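What follows draws every value from the coordinates through simple rules; no lab data is involved. None of these values were measured; they are calculated from a predicted model. Here Cβ is always computed from backbone atoms with ideal geometry, including for glycine, and neighbour counts include all displayed protein chains.
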Amino acid sequence: MDVLVLIGRVLFALVFLYSAVGHLTQHKQLGAYAASRGLPAAEAATLLSGVLMLLGGLSVVLGVWADLGALLIALFLFPTALVMHAFWKETDPRTRQTEQISFLKDLALGGAALVMSAFFAYAAHDLGLTLTGPLLSMR
């Protein structure tokens, strides 16, 4: 079972680690896009979101306070869904559909991150293949 949890952690975190690299290396371009969506201090927010995804992703993959890492990912996803993928503001049907898909994806991944955080807080003491136990224990 430990190996399955590890594979799931790696697969879950890969998207955030990949995105974190993009946010940190292309912060000017992504910041400009975020500014076009109405985000204040967009470049700084882009860098901050890159750091959240990097720390959260590494935490989940390595099993170092993975409960906190999953919460960091959720902290990134929920505001991103609301600000960057506000499909209800779109008038073009194709753009509206694309943003709605991204909005729902972020909500689903945010929900998964919350479940993962609770899972680690409750069961991480019994899991193998982690470097630390949870920061926020539910036991």
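Can you tell me the relative contact order of segment 1-83? Whole percent, Cα pairs under 8 Å, sequence separation 6 or more. Working shown, then result.
Values: 92 pairs, mean separation 24.4, N = 83.
Value for segment 1-83: 29 percent.
Given labels modelled 7 Å from the Cα in the Cβ direction, how far is it in nm from residue 138 to residue 25?
Each label point is offset 7 Å from its Cα along the Cβ direction, giving 3.6 nm.
Counting only complete DSSP H runs, which helices of the chain cover 24 Å or more along their long axis at the Cα atoms and score a mean Kyte-Doolittle of 0.5 or above? Walk me through the numbers before you get to the answer.
Values: long enough: 2-25 (34 Å, 1.78); 42-62 (29 Å, 1.88); 66-84 (26 Å, 2.11); 93-123 (44 Å, 0.37).
Membrane-span-like by this criterion, though nothing is claimed about a membrane: 2-25, 42-62, 66-84.
Name the residues of segment 46-69 whose amide N is less than 17 Å from a point 7 angstrom out from the Cα of residue 2 along the C-beta direction?
From segment 46-69, the list is 61-66.
For the chain, how big is the tail of P(r) above 19 Å, as a whole percent of Cα pairs?
On the way: 4999 of 9591 pairs.
The calculated P(r) of the chain puts 52 percent of pairs beyond 19 Å.
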